[in-house]
Each structure stands twice: as C-alpha cells, then as structure tokens.
1. Given (1) in contact (Cβ under 8 Å) with a residue 40 or more places away in the chain; (2) touching a strand residue (DSSP E or B) at 6+ places or on another chain (Cβ under 7 Å); (3) part of a helix (DSSP H, G or I), where does E179 come up short, assuming only one miss?
2. Report yes if some residue within region 188-202 is closer than 17 Å to V88 by Cα, in contact with a Lys or Arg (Cβ under 7 Å, 6 or more places away or on another chain) and modelled with pLDDT of 90 or more; otherwise report no.
3. Cβ-Cβ distance below 7 Å, separation of 6 or more or different chains: which pairs start in region 137-148 with a residue that is in the same structural domain as D115 (by TED's automatic domain parsing) and end on one that is part of a strand (DSSP E or B) and at pLDDT below 85?
4. Being in contact with an Asp or Glu (Cβ under 8 Å, 6 or more places away or on another chain), surrounded by fewer than 17 Cβ atoms within 10 Å (Cβ to Cβ) and modelled with pLDDT of 70 or more narrows it down to one residue among D282, D222; which is it?
5. Is it true that L97 is outside the structural domain of H170 (by TED's automatic domain parsing) and under 22 Å from K166 (Cα atoms)?
6. Select, from S452, S398, S409, the only residue that is hydroxyl-bearing (S, T, Y) and surrounded by 15 or more Cβ atoms within 10 Å (Cβ to Cβ).
7. Before we move on, is N378 in contact with a helix residue (DSSP H, G or I) (Cβ under 8 Å, 6 or more places away or on another chain), farther than 23 Å from E306 by Cα and buried (at least 22 other Cβ atoms within 10 Å of the Cβ)?
Amino acid sequence: MKEHHVKGLRILRLAILVSLLVGSIELYSWSRSADPRFFHFLESPLGRELARLFRWRGQDVSLIPRDKPESEMTAAELAVKRRLEKVVRENLPSHRLILKTGKVMEGRLVEAKPDHFLFEESYGSSGVLRARIVRSRIDHIERLKISPPRITYRDVLFQMEFPRMKLYKHPPYTIVTDESYFQVQRSVRTLRDLYTEVMTVFGPLMARGRRGKGLQILFFSDREAYLRYQKNYRVKMEDTAGFYSPWLDRLVIFNEVGSDVMKDLAADLHKQEAELRRKTQDARQRSRIGAYRRRVERNLLEQAEEKTFVTLRHEGAHQLFFSYGVHSSFRAENEWLVEGLAVYCETPHLGEPDPRRIKRLRRAMDRGRFIGLQNLVNFRHVRGFFAMGEGRVDLAYSEAWSLVHYLMSDADLRNCFFEYIRYIRDPRHLDVIVRKPRVQILCRFLHTDSESLEKAWLDHIRRM
C-alpha cells in the first residue's frame, strides 16, 4: 500500500513537472512571436511575479509606480515634491494678453501705466522674459484663475530619476528635459494640439483613464544619453529618434537639431564657405557666399525640427492610444493598426494627405512592389515592420497609414472600423483573434470580402 502511495506521488510530481515544462515552452514560444496571450498572461498575478523574477525587461508591467500619499514618502521624496510645487506655483500665469495681431501671451502683469503694460513671461528655470507692451497693441486682457497642477508621486520619481534635468508641468503632460524651455515650448503646443484632436476624433473609443498619473515625456538633447536609455527599455528597437513604452507609460524623444548628422553638416558648410572665400577677394561675392551658407543652415535646421515634431506626433499618438485604452494593454493589435493610427496623426492636422507617402505608395503600385492587403493586415512580429526587411519598412508604414486613412474617410466605414478596434482589444475574443487571420475579422466588420476591400483601398490611394 505504501509503495503504491509513493509511486502515485512520483507520477503526480512528474505530471506537474511535465505540465510546467510544456507551459514554459508555450510561454517562451508566445514571447518570441509577440503572441497577445503572452502579454495577457503578464497581467495576471503569476505573470507579474514571473516577469519580476526573471527580469523580463520591456514586459514588466509593474514599472509604472502606484501613487503614494505624502505620509508614505521618504524625506528625500518629500523635499523634491515641495521644491517642484514651489517652482510650479511661482511660474503660474496670472493674466492672458491677446494682441490685435492674434498673438496670445500668458504671464504676470507687473505694472500698468496709462500708455503701456509691463508684462512678464516665465520660462521656468530657463528664466523670465519681461516686455513693455503698448496699450494700443492689445485687444483685451483676461485675468486667469488657474490652480497649480498637482505634483504626483510619479512626478517626484520622474524628477529623481533625472535630477540634472528640468521638470515642466503642462497638464495632461509632465516633461523632463535637458533642453531650455524655449526649445520645449513648441513641443508642448504640438502635444496639446495633438491631445485635443485625438480626443475629438477618437473619443468614442476611449475605454479607460490614464494608466498612471499624467502623461510623461522624456526629452533628450544629447543623442548618446537617448541611445543609452533606449537600449535599457527597447532592446529590440531599431535606431530611431523616439519611442513610446507602454510598460513605462512614457514617451521618449531626442531632439534631431542636436544630432551628430546636423553637427557634421554644419561643420562641412563652414569648411565649404571658408574654401570659397579663399578663392575670391570680391567683397560682394564673399557676402553672397556667407548668405548662402546661412540660408542652407536655416533650411537644414527647419528640416531637423520638422523631423522631430513628426516623431513627436507619431509617438505621442501611440501614448494616447495606449494610455486611454484605444489599444489593448496586452498588445492584441497587429502592426498595421498600431502604426497606421500613429502615422495618421503625424500631419499637422489628423487625416491630412501626406504627399511624400502618397508618392511612395503610387511608385510601389506602378513597380509591382506593393504589399498586399492580406500580407499587411496579417503581419505580426516582435520587431514590428522593421522585420519586413530593408526597403519595405517605410512602404509598410505608408500602406498602414493609407488603409487607416481609407477606413476613416467615410462615416459608415469609420463606425465599422471602430467596432473592429473594440472587438480586437476585448480579452474575451483572444482565442478567436490568435487563430483567425486578422484580415478575415476586419472584412467581417466591414461587411465585405478581402478582394473588394483591397480594390476599394487601392482606388482610395489613386484618388488621394
């Protein structure tokens, strides 16, 4: 009897070990293929514990800290919180000036005289700009009653993580940067405009409030610092100028204006100018050479700034779609949907035609290199579209954008598209979406077949 009991225990242990081994192999397989079941598992208590135990960097969903009351903060944390509260309070504007030109200024009214106002605009730790504004230039003045934005525990940790950088609070965004406010202010306007547009257009899809308290932006001016940070949190990511991490719930970006490429180009321009100046003694000719160099430098600077803000809108869109629940937390969406929506938000206004992408698409169609509907919609890889290979990455992004653009172009199509998004992100449908080709699911919601959808999509591209 005892021998039978021992034998039974051995069989039970073996069965448990085999089950664990099979489960581990399946988990590993899911992780390698970016299967949404893997990310859904990580949201379970066991998944969180295993992620912590095995240090699955990039998938550790506990990287977003829980909020803490002041009573639980350390002395150092509390000191940082008080300092940030003081800075935010001191920089709070009291008045808004609307000039007759339409320009809006927010700051403090220092002095009022019969013919002018002395107005002060604060730029945080970057300084204060004081201006004398003649009354005849002012359309009207508004007194502002703005409560200081709350400094959260997450803000405190953000500042402590980067003690040498400055923290700016512009709800719903918290920005930590080593740039001056003058460099950051356009980014703030870009992000807030994007926020307003996304909330207006995609409001019906918003499924939850923000994960964490506030939307975090980490803005680097130093490329090497950016790359080091990128390697820590996006190991499999290609070299880009920005990324959004759902696991950190943080947008990270590098200012292209300070890139090595820009520095090298500027140095080359100065060398060319010096060489041309040596070849002529004509004062007028030398002046033209200098003017030409400055014009080219301005053009390069504008291109670098534009590239930075396109990246900012793209990654900022990712941040909003993940933080507000348009996308699932367990990465159920395939690449075309995630990237197509982000590229849709890149233009200064959502849904505007992008001439460069349209040209790219038509050229691919003419040359027979177009990625078909099924290959695009069914594609899924841990490296995203970068896994498609050199020469096809930009095309894949452009095709994803054009498909989203088509689905957003008509009210009925848009409603069907939104229903598809709601279905894909629902964990109750996980078994269906991992077994059925995504293009079939999309066609089901659009009440069509793949051939008809592809034809309508290609016709839309030709009409753009």
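1. (3)
2. No, region 188-202 has no match at all.
3. Partner pairs satisfying both residue conditions: I138/L97; I141/L97.
4. Answer to the check: D222.
5. In short, no.
6. Going through S452, S398, S409 in turn, just one is hydroxyl-bearing (S, T, Y) and surrounded by 15 or more Cβ atoms within 10 Å (Cβ to Cβ): S398.
7. Against the criterion (in contact with a helix residue (DSSP H, G or I) (Cβ under 8 Å, 6 or more places away or on another chain), farther than 23 Å from E306 by Cα and buried (at least 22 other Cβ atoms within 10 Å of the Cβ)), N378 does not qualify.
Matching residues to (1) among the charged types (D, E, K, R); (2) surrounded by fewer than 16 Cβ atoms within 10 Å (Cβ to Cβ); (3) not in a loop (DSSP other than H, G, I, E, B):
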| position | (1), (2), (3) |
| --- | --- |
| E85 | yes, no, yes |
| L97 | no, no, yes |
| R108 | yes, no, yes |
| S136 | no, yes, yes |
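The values are calculated or read from the model by the stated rules, or taken from the named source; none is laboratory data. Just so it is clear, the model here is predicted, and its values are computed rather than measured. Backbone-built Cβ (ideal geometry, glycine too); neighbour counts: all protein chains shown.
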